[in-house]
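Here the structure comes first, spelled out in structure tokens, and everything after it is commentary.
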Amino acid sequence: MNEQLKDDLQKIDRLLETVRLQGLDFLNQLPERPTSSEHKGEITETLNKTGIGGLEALKLFNKKFEKAIIGSTGPRYWGFVTGGSTPASIMGDWLTSIYDQNTQATKGQGDISAIIEIETIKLILDLFNLPNDFIGGFVTGATMSNFTCLAVARQWIGKQAGKDFAKEGITQKINILSAVPHSSAIKCLSMLGIGSNNIIKVNVENGNRESIDIEDLKVKIKKLNGTPFLLITSAGTVNTVDFDDFKAISKLRGEFNFWWHIDGAFGAFAACSPTHKHVLEGWENADSITIDCHKWLNVPYENAVFLVKEKHKILQTEIFQNSNAPYLGNPLDNFNYLNFLPENSRRLRALPVWFSLVAYGKKGYEHIVENSIEMAKTLGEFIEANNHFELLAPVRLNNVCFTLSGQERQSEVSDFLTKLNSTAKVFMTPTVYNGKTGIRASFVNWRTTKQDIELVINEMIKIASH
Ligand SMILES: *Cc1c(COP(=O)(O)O)cnc(C)c1O
């Protein structure tokens, strides 16, 4: 064994204890951690010969990079849709690294990790009150979840014409209907060779909405003359958190032949809120659903699940099975995750989720979701009441989409946001909505409190009145 490795192995308790203390320091001061950093960082291009050991590596890391690590997991990072990490999820995440399992088969002489993953999927279905006829698995993020779901959709489209796209390649145009697909779904169409230009845009409903106009959807479906198609719907658009009408779409299932995908990366968590879960009614009828765990579930990156109806299991294995041989028998009998998703080798991503779900339960997640909704409402009410700002859309769930008041201040919005983010006390994202330059604040972090909102409101007023 190499000297440095031997030495580190002997000192492993000291190494881990040092990291634990540094981690605690970070977490205990998280609300004060800057939410952005001006550090450019200096890139070293040569690797030293003998190595310096773990403790010295930590010192070097601290000297070079630590100060520029931002508080994106903290209470005032409202950019993109960025979750934090619950205490129990960090426990699970640490153990995932330490156990270092390769999560694949549920049977045979393997480990228990695939069983843990399956149990975690069941717990997620229970949390969302979804039926048990979905097969689910963990991937790195909602992008890869969309990818997995849409890959099965692509195979389904081929099957409708008696073709096997997985083997033959795509030999016909695939029609996709959608109103406001997330950018990552468009990226997936491009990665899957379906072609992002093949989206047929469906109108949105009247009245500052981002949801599908069902009448226009029917018109566009009829134009396809019975050709099977792919419908990509949203459970929560990123700008205004609008939901497509899943009850109405469920009713179309009997009439038309299509694959129905729901991107519920964060909006799926409306299911945890007694006052908001109705927006998801009918979603259990979808063929596939995308849910992110590193957003509103508050587990560390990278973590998301896909859910695909079990009845599509043969299609799913036709895409992902790790050998070209046809699947003999029922793929669920000798279940192996590597036949159901893109990766072969996989870490036990389910464990942080399992820990967090078990530790906080349905009530815990109801509170996290309700709190985020409350925070968004509070900021939204301030914006509505204050002369400097205006809402670009109603606050429907957990996002606030706003801008500076008046057309004449449109040119100042970007500068305002730069100044606000430069305070490093809060971070928000630029956006464009309805042709206007806007700003988006998204609430999914379990730590955010009313005091955080007040602190940010003060900064906003200071900058806007200059
Ligand atoms: C965040 C998000 C995605 C992409 O998720 P990643 O986890 O970043 O890959 C997809 N769809 C929606 C609606 C999202 O909010």
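The values are calculated or read from the model by the stated rules, or taken from the named source; none is laboratory data. Only a predicted model underlies this, so the values are computations on that prediction, with no experimental measurement involved. With ideal geometry, Cβ positions are generated from the backbone for all residues, glycine too; neighbour counts draw on all protein chains shown.
What tally of residues in region 34-81 results from selecting those that are within 16 Å of the ligand (Cβ to nearest atom) and touching a strand residue (DSSP E or B) at 6+ places or on another chain (Cβ under 7 Å)? Here the count works out to 5. For region 239-293, taking the residues that are in a loop (DSSP other than H, G, I, E, B) and out of contact with any strand residue (DSSP E or B) (no Cβ under 9 Å at 6 or more places or on another chain), the one that is farthest from Thr120 (Cα to Cα) is identified as Glu255. Is it true that Glu56 is loosely packed, with under 12 Cβ neighbours inside 10 Å, of a type in the set (D, E, K, R) and modelled with pLDDT under 95? No, not satisfied.
Report yes if Lys187 is charged (D, E, K, R), under 20 Å from the mean Cα position of the chain (by Cα) and within 16 Å of the ligand (Cβ to nearest atom), otherwise no. In short, yes. Residues that are within 14 Å of the ligand (Cβ to nearest atom) and of a type in the set (S, T, N, Q) do not occur anywhere in region 243-255.
Taking only pairs six or more apart or across chains, which ones have beta-carbon atoms under 6 Å, a first residue in region 131-150 that is in contact (Cβ under 8 Å) with a residue 24 or more places away in the chain, and a second residue that is more than 12 Å from the ligand (Cβ to nearest atom) and among the hydroxyl-bearing types (Ser, Thr, Tyr)? Going by the 6 Å Cβ cut-off, the qualifying pairs are Gly137/Tyr337; Cys149/Ser288. For region 211-221, the condition of being at pLDDT 95 or above, within 11 Å of the ligand (Cβ to nearest atom) and surrounded by 16 or more Cβ atoms within 10 Å (Cβ to Cβ) holds for none of the residues.
Val308 meets each of the listed conditions (1) away from the ligand (no atom under 16 Å from the Cβ); (2) in a strand (DSSP E or B); (3) free of Cβ contacts under 8 Å to residues at least 60 places away in the same chain apart from (3). Take the residues in region 256-295 that are within 13 Å of the ligand (Cβ to nearest atom) and either modelled with pLDDT under 95 or among the aromatic types (Phe, Trp, Tyr) (or both); name whichever of them is surrounded by the fewest Cβ atoms within 10 Å (Cβ to Cβ). By that ranking, first place goes to Phe266. The set of residues in region 82-102 being in a loop (DSSP other than H, G, I, E, B), of a type outside the set (Ser, Thr, Tyr) and more than 16 Å from the ligand (Cβ to nearest atom) consists of Asp100, Gln101, Asn102. Consider region 103-137 and keep the residues that are part of a loop (DSSP other than H, G, I, E, B) and polar (S, T, N, Q). The one that is farthest from the chain's Cα centre (by Cα) is Gln109.
Evaluated against (1) part of a loop (DSSP other than H, G, I, E, B); (2) within 19 Å of the chain's Cα centre (by Cα); (3) not acidic (Asp, Glu), Ala424 falls short on exactly one condition, (2). The single residue among Lys363, Lys377 that is among the basic types (Lys, Arg), modelled with pLDDT of 95 or more, farther than 21 Å from Val308 by Cα and loosely packed, with under 15 Cβ neighbours inside 10 Å turns out to be Lys363. State all residues of region 178-204 that are farther than 17 Å from Ile262 by Cβ and not in a helix (DSSP H, G or I); if no residue qualifies, say none. Scanning region 178-204 gives Leu192, Gly193, Ile194, Gly195, Ile200, Lys201, Asn203. Scanning region 148-177 for residues that are part of a helix (DSSP H, G or I), more than 16 Å from the ligand (Cβ to nearest atom) and either in contact with a Leu (Cβ under 6 Å, 6 or more places away or on another chain) or at positive phi (or both) yields Val152, Arg154, Gln155, Trp156. Could you tell me whether any residue of region 222-237 is outside any helix (DSSP H, G or I), modelled with pLDDT of 95 or more and in contact with a Cys (Cβ under 6 Å, 6 or more places away or on another chain)? Scanning region 222-237 turns up no residue that is outside any helix (DSSP H, G or I), modelled with pLDDT of 95 or more and in contact with a Cys (Cβ under 6 Å, 6 or more places away or on another chain). Among the residues making up region 82-111, a single one is among the hydrophobic types (A, V, I, L, M, F, W, C) and closer than 21 Å to Leu307 by Cα: Ala105.
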